[in-house]
Amino acid sequence: MAHESKPAAAPVVAVSPAAGALKTVVLLVLLAALLAAPFFVYPIFVMKLLCFALFAAAFNLLLGYTGLLSFGHAAFFGGSAYFTAHAVKEWGLTPELGLVVGVAGASVLGLIIGAIAIRRQGIYFAMITLALSQMFYFFCLQAKFTHGEDGIQSVPRGHLFGLIDLSQTMNMYYFVLGVFLVGLAVIWRFVNSPFGMILKAIRENEQRAVSLGLSVVQYKLGAFVMSAALAGLAGGVKALVFQFATLTDVGWQMSGEVILMTLLGGIGTLAGPVFGAGLVVTLQNYLATSDFPVTIITGLVFMICVLLFRRGLVGEFYATKIAKKLGYKADN
């Protein structure tokens with residue numbers, strides 16, 4: 001009786017103990033750099049960078065790991081900023097409870113927008129998210145609690161858990177850093193869970209996932225809501241850092257910026273959006289006082305990256321032999 005041939009197993013790239021130790025050292029060095037950053041760099045700038053890095057990582061959860069391009073993520077980022085600012089200033093809530101309100105509001109928005117848009121694919125999905133985001137923008141423009149074009153200003157930072165005074169810059173910095181690290185840890189755990197593996201399967205071949213009996217719509221909606229919630233966390237923290245929430249955070253330009261950050265860093269990588277956000281925020285900060293338009297510089301950088309780094313900065317690094325020996329790859 002002839003034996004059936006078995007498919008060849010996929011090659012497994014072994015990571016040496018030395019490479020694993022090196023990865024740990026790199027992570028510890030980066031963590032130490034973040035802890036020491038406010039002593040050498042303007043703390044508000046670093047806090048802004050961390051907020052946008054978390055926003056980009058949340059967006060990448062949808063684009064890089066699920067394959068869904070949303071043009072409306074500013075609704076969750078800016079919406080949470082408004083909800084958090086209003087809850088802290090008008091209701092007198094502590095900052096952590098204000099963030100809970102903001103994240104909950106962004107999650108509800110994500111559920112509503114996702115339920116409407118998720119059954120469409122490609123450009124149709126992207127256009128629906130953009131249209132619904134713009135509807136929310138005009139709602140914020142007209143709603144009484146947002147104060148229209150003036151926005152919500154003079155938002156108190158308050159005391160974290162009633163004990164830690166966040167009006168002190170260093171206290172606020174380490175709070176933002178903690179939120180950023182927790183947010184990245186949640187994304188990493190989500191991506192490397194069975195749920196995350198299914199999302200990658202849907203990204204690679206949605207029709208095959210359907211044929212396997214998976215409820216693709218529910219998984220995509222779950223990813224959409226999770227991405228919206230984390231984007232809302234970033235927006236709420238930003239409102240506390242700068243102590244205001246304005247229409248700028250819900251405009252379509254903000255959705256464009258987070259797409260740019262993710263593409264520059266590399267989609268489908270955990271570190272890519274963080275580096276992309278750092279590049280964009282740094283350009284905006286240090287070129288703001290120059291006579292040359294920041295948008296032109298950013299556009300030129302984007303063009304160069306598209307031509308020379310098709311996978312993004314971190315994505316190209318992961319494709320090198322050095323990164324593969326260290327065990328780095330896309331989806332890390």
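The values are calculated or read from the model by the stated rules, or taken from the named source; none is laboratory data. Note that the coordinates shown come from a computational prediction; the quantities given were computed from them, not determined experimentally. FYI the Cβ positions are ideal-geometry reconstructions off the backbone, even for glycines, and counts take in every protein chain you see. Only protein heavy atoms, including side chains, enter the accessible area calculation; ligands, DNA and RNA are left aside. Shrake-Rupley method; radii C 1.70, N 1.55, O 1.52, S 1.80 Å.
Considering every residue within segment 181-200, establish whether at least one is within 26 Å of VAL88 (Cα to Cα), in contact (Cβ under 8 Å) with a residue 40 or more places away in the chain, of a type in the set (Lys, Arg) and surrounded by 12 or more Cβ atoms within 10 Å (Cβ to Cβ).
No, segment 181-200 contains no residue that is within 26 Å of VAL88 (Cα to Cα), in contact (Cβ under 8 Å) with a residue 40 or more places away in the chain, of a type in the set (Lys, Arg) and surrounded by 12 or more Cβ atoms within 10 Å (Cβ to Cβ).
Contact list please: Cβ distance under 6 Å, first residue in segment 41-53 and touching a residue at least 24 places away in the same chain (Cβ under 8 Å) and among the aliphatic types (A, V, I, L, M), second residue open to solvent by 20 Å² or more (accessible area, probe 1.4 Å) and part of a helix (DSSP H, G or I), pairs at least six apart or on different chains.
ALA53/VAL274
Criterion first (hydrophobic (A, V, I, L, M, F, W, C) and more than 21 Å from the chain's Cα centre (by Cα)) does PHE125 satisfy it? Step through it out loud before you land on a result.
On the way: hydrophobic (A, V, I, L, M, F, W, C): yes; more than 21 Å from the chain's Cα centre (by Cα): no.
No, not satisfied.
Can you find, within segment 254-274, the residue that is farthest from TYR65 (Cα to Cα) among those that are open to solvent by less than 10 Å² (accessible area, probe 1.4 Å) and at pLDDT below 90?
LEU264
Could you give me the residue pairs with C-beta distances under 8 Å whose first residue belongs to segment 254-271 and is at positive phi, whose second residue is of a type in the set (Ser, Thr, Tyr) wherever it lies, and which are 6+ apart or on separate chains?
Close Cβ pairs (under 8 Å, with a partner that is of a type in the set (Ser, Thr, Tyr)) amount to GLY266/TYR318; GLY268/TYR65.
With the condition kept exactly as written, say whether any residue in segment 136-155 is in a strand (DSSP E or B) and surrounded by fewer than 16 Cβ atoms within 10 Å (Cβ to Cβ). Let's see the steps before the verdict.
Going through segment 136-155, the residues in a strand (DSSP E or B) turn out to be 152.
Filter once more, keeping what is surrounded by fewer than 16 Cβ atoms within 10 Å (Cβ to Cβ): none.
Scanning segment 136-155, I find no residue that is in a strand (DSSP E or B) and surrounded by fewer than 16 Cβ atoms within 10 Å (Cβ to Cβ), so the answer is no.
Can you name the condition, by its number, that ALA56 falls short on among (1) open to solvent by less than 10 Å² (accessible area, probe 1.4 Å); (2) over 15 Å from GLY278 (Cβ atoms)?
Looking at each condition in turn, ALA56 falls short on (2).
Restricting to segment 156-174, what's the tally of residues that are touching a strand residue (DSSP E or B) at 6+ places or on another chain (Cβ under 6 Å) and open to solvent by 20 Å² or more (accessible area, probe 1.4 Å)? If you could, list the steps in order and put the result at the bottom.
Kept after step one, since they are touching a strand residue (DSSP E or B) at 6+ places or on another chain (Cβ under 6 Å), are these residues of segment 156-174: 159, 165-166, 171.
Right, trim to open to solvent by 20 Å² or more (accessible area, probe 1.4 Å) and you get 159, 165, 171.
The qualifying residues number 3.
I'd like to check something: does segment 169-176 contain any residue that is in contact (Cβ under 8 Å) with a residue 12 or more places away in the chain, part of a helix (DSSP H, G or I), farther than 25 Å from GLY236 by Cβ and not β-branched (Val, Ile, Thr)?
no
Yes/no per residue for (1) closer than 30 Å to LEU97 by Cβ; (2) charged (D, E, K, R):
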{"position": "GLY235", "(1), (2)": "yes, no"}
{"position": "ILE259", "(1), (2)": "no, no"}
{"position": "LEU263", "(1), (2)": "no, no"}
{"position": "ALA271", "(1), (2)": "no, no"}
{"position": "GLY276", "(1), (2)": "no, no"}
{"position": "SER290", "(1), (2)": "no, no"}
{"position": "VAL301", "(1), (2)": "no, no"}
{"position": "GLY312", "(1), (2)": "no, no"}
{"position": "LYS321", "(1), (2)": "no, yes"}
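Residue-wise test of (1) closer than 30 Å to ARG203 by Cβ; (2) at pLDDT 95 or above.
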position	(1), (2)
SER107	yes, yes
ALA115	yes, no
ILE123	yes, no
LEU141	no, no
VAL155	no, no
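Counting just the residues of segment 201-225 that are under 22 Å from ALA106 (Cα atoms) and open to solvent by less than 60 Å² (accessible area, probe 1.4 Å), which one comes out modelled with the lowest pLDDT?
Ranking the candidates gives VAL217 first.
Please specify each residue of segment 62-88 satisfying the condition of being crowded, with 24+ Cβ neighbours inside 10 Å, assigned to a loop (DSSP other than H, G, I, E, B) and small (Gly, Ala, Ser).
SER70, GLY72
Kindly provide the set of residues from segment 33-53 that are open to solvent by 50 Å² or more (accessible area, probe 1.4 Å) and in a helix (DSSP H, G or I), ordered by number.
Of everything in segment 33-53, those that are open to solvent by 50 Å² or more (accessible area, probe 1.4 Å) and in a helix (DSSP H, G or I) turn out to be ALA33, LEU35, PHE39, LYS48.
Looking at segment 248-308, what helices (runs of 4 or more DSSP H) fall wholly within it and have at least 1 residues that are farther than 19 Å from GLY72 by Cβ and out of contact with any helix residue (DSSP H, G or I) (no Cβ under 7 Å at 6 or more places or on another chain)?
So the answer is 272-286, 294-308.
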